[in-house]
Amino acid sequence: MEWTLTDFFAKGGTTSFMDRLASSLGIHASTIKIVSVYEGSLVVDYSIVEPNDDPVRLQQLAAAQIKAYATNQVSLGAPILDVSVTATSATGSAAAPTSAVVHVVTAGTVSAPGYSPIIITKTISNDPTLAAQTTTTAGTATTTSSTTSTSASVSTDREGSAAYGIVEAGSTVF
C-alpha cells in the first residue's frame with residue numbers, strides 16, 4: 001500500500017502517527033516530535049524527546065525502537081519500507097554523544113544488526129512473485145512499490161529542543 005500525503009492526513013496525519021508509535025513503543029505521545037512529513041513514498045522524520053538528556057535513557061529509547069521495528073511490533077497504519085534510528089544529545093553534551101545510524105528496515109526487510117532479516121513489507125526487491133508480476137506487466141504499467149532509502153537526519157537546534165535529549169528515528173518510509 002502506498003500512502004500519499006493526502007492519504008496520510010486523511011487517516012489522522014501526525015496525531016495518529018504519534019499515537020500509534022507511542023502505543024507501539026510504550027511511551028507517552030507528548031515525547032514524540034514530528035520534524036517533517038514529505039512524499040517519497042511517505043517519509044516521516046520524528047524525534048523522541050528525553051527531557052533530562054540522560055545518555056543511558058537515550059540509548060535505551062534507541063534500542064527499544066530498533067527492537068520494536070526489527071521484530072515487526074510497530075503498527076503505524078501503513079506498510080513500513082525503511083527505518084533508520086540514531087540517538088543524539090540535543091545539548092551536544094559529551095556525556096551523550098551521537099550514536100551511529102542503525103538501518104533497521106531496508107526495502108521492507110529487517111536489516112538491523114543482530115536481528116533475522118525477516119520481510120515485514122513485500123516489495124519487488126524482496127518478493128520474487130511481485131518482481132515477476134512487475135516484469136510481466138512492464139510494458140503496460142509501472143510498479144507502485146518504493147524502495148527509496150533515506151538516512152536519519154540529526155536535528156539538534158530545533159526551536160524548543162535545546163534542553164532535551166533526542167532519539168531520532170528518521171525517515172520512516174511507508
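Length gained on full extension, residue 30 to residue 63: 9.9 nm, using 0.36 nm per residue less the C-alpha separation. Here the spin labels are modelled as points 7 Å beyond Cα on the Cα-Cβ line, and at residue 116 and residue 129 they lie 1.9 nm apart.
Among 7-13, 61-67, how do they line up by average Cβ neighbours within 10 Å per residue, starting with the highest? Before the final figure, lay out the partial values.
Numbers: 7-13: 14.3, 61-67: 20.1.
My ranking of the peptides, most packed first, is 61-67, 7-13.
A crude spin-label estimate for the pair residue 71 and residue 22, with each label 7 Å from Cα along the Cβ direction, gives 2.3 nm.
None of the figures in this text is laboratory data; all of them are computed from the coordinates on show. Computed from a predicted structure; not experimentally measured. For neighbour counting, all protein chains shown are included, and Cβ atoms are generated from backbone atoms with ideal geometry for every residue, glycine included.
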